[in-house]
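Accompanying notes for the structure given below.
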Amino acid sequence: MAMSFAFDGDSANTVKHEQLAIAYWVTREEVEPQNAFYQQGELANEAARVCIDAGDLTAAEQWYRKGTEQGLKEPNPKTHPKSLWDFRLAHALGRVAARRGDKAEAQRQIEKARKLLDGDPAMAAQQERYFPYLVGYVALYTNDLRRRRRN
């Protein structure tokens, strides 16, 4: 249902339905904590992606941060490392900054994302392919197309 609203660019109703799904996963925390916290983080990030696409950058940032916060609550043994959630947040905040026209902050987030990938080769094996997307997205939204070609 949440994605149905997303197709209409209705981020408020998308968030409302994502919150319902998150509430379900809260009920699963005791039974399957690794999966429950991961799902909560994923759903919050999904809401954030709809918000950024709809131009609601404040809500997008809020939901990206909430996604990271929930994902990091996963207890040991962790199936999703902190570096993954940190990379995803840097990637997201770089895109939000670019959409806000804050080229310097977007570049800081690109550098942070790069360091996170370089610091965790196991995580990078799965996430490296998303780095060029971040660089290109920032270049596009900050009108720095020469930067995109250099990276």
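A compact table of results
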| quantity | calculated |
| --- | --- |
| Within the stretch 27-120, helices (runs of 4 or more DSSP H) holding 3 or more residues that are in contact (Cβ under 8 Å) with a residue 40 or more places away in the chain, within 15 Å of Tyr141 (Cα to Cα) and in contact with an Asp or Glu (Cβ under 9 Å, 6 or more places away or on another chain) | 82-100 |
| Test: Asp118 is of a type outside the set (A, V, I, L, M), open to solvent by less than 70 Å² (accessible area, probe 1.4 Å) and farther than 15 Å from Glu61 by Cβ | no |
| Unique residue being out of contact with any helix residue (DSSP H, G or I) (no Cβ under 7 Å at 6 or more places or on another chain) and at pLDDT 95 or above when the list is Ala139, Ala125, Ala92, Ala106 | Ala125 |
| Index of the failed condition, Ala44 passing every other in (1) within 28 Å of Val31 (Cα to Cα); (2) open to solvent by 70 Å² or more (accessible area, probe 1.4 Å); (3) not hydroxyl-bearing (Ser, Thr, Tyr) | (2) |
| Residue within the stretch 51-66 that is open to solvent by 50 Å² or more (accessible area, probe 1.4 Å), under 20 Å from Gln126 (Cα atoms) and modelled with pLDDT of 95 or more present | no |
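The values are calculated or read from the model by the stated rules, or taken from the named source; none is laboratory data. Quantities reported herein were computed from a predicted structural model and do not represent experimental measurements. For neighbour counting, all protein chains shown are included, and Cβ atoms are generated from backbone atoms with ideal geometry for every residue, glycine included. Keep in mind that these areas ignore ligands, DNA and RNA; they rest on the heavy atoms of the full protein, side chains included. Shrake-Rupley method; radii C 1.70, N 1.55, O 1.52, S 1.80 Å.
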